[in-house]
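Step one of this worksheet: look at the structure below.
The values are calculated or read from the model by the stated rules, or taken from the named source; none is laboratory data. This is a predicted model, so every value here is computed, not measured. Cβ coordinates were reconstructed from backbone atoms using ideal geometry, including for glycine residues, and neighbour counts include every protein chain displayed. To get the accessible areas, we keep the full protein, side chains included, count just its heavy atoms, and leave off ligands, DNA and RNA. Shrake-Rupley method; radii C 1.70, N 1.55, O 1.52, S 1.80 Å.
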Amino acid sequence: MKTLSSRYRQAHKEAKWAIALALAYFAWWYGFAYGLAPEGIEQTPPTLYFGLPLWFLLSCVIGPLLFTLLCALMVKFIYKDMPLDIEEEASDE
């Protein structure tokens with residue numbers, strides 16, 4: 001990263017990816033937690049997977065594991081290591 005503007009561009013790119021991943025995780029959690037949750041207690045007992053209802057398994061077990069993996073991939077492939085100090089421009093004297 002040579003110039004300050006290229007560092008800002010990279011920082012904005014990283015921030016947009018982080019916000020998008022956080023919003024995707026919220027949508028995943030909300031969709032499975034409330035979309036698959038049973039409507040009332042009068043229904044038959046839910047089918048259990050590994051001793052957990054499907055809505056809980058997908059929103060609270062699989063979701064965090066999946067998005068932790070996606071976060072690690074995002075850090076590995078999108079984030080760039082850059083110095084935080086400001087480099088002085090070489091001046092012609």
task = Please work out which residue is modelled with the lowest pLDDT, limiting yourself to segment 23-48 and to residues that are open to solvent by 100 Å² or more (accessible area, probe 1.4 Å) and under 25 Å from residue 70 (Cβ atoms).
result = 34
key: Restricting segment 3-21 to residues that are at pLDDT below 95 and small (Gly, Ala, Ser), the residue that is surrounded by the fewest Cβ atoms within 10 Å (Cβ to Cβ)   = 5
message = Could you check segment 66-78 and list, in sequence order, the residues that are more than 19 Å from residue 34 (Cα to Cα) and assigned to a helix (DSSP H, G or I)?
response = 68, 69, 70, 71, 72, 73, 74, 75, 76, 77
key: First in segment 5-22 and under 19 Å from residue 70 (Cα atoms) and without any contact (Cβ under 8 Å) to a residue 24 or more places away in the chain, second anywhere and of a type outside the set (Gly, Ala, Ser) and part of a helix (DSSP H, G or I), Cβ under 6 Å, 6 or more apart   = none
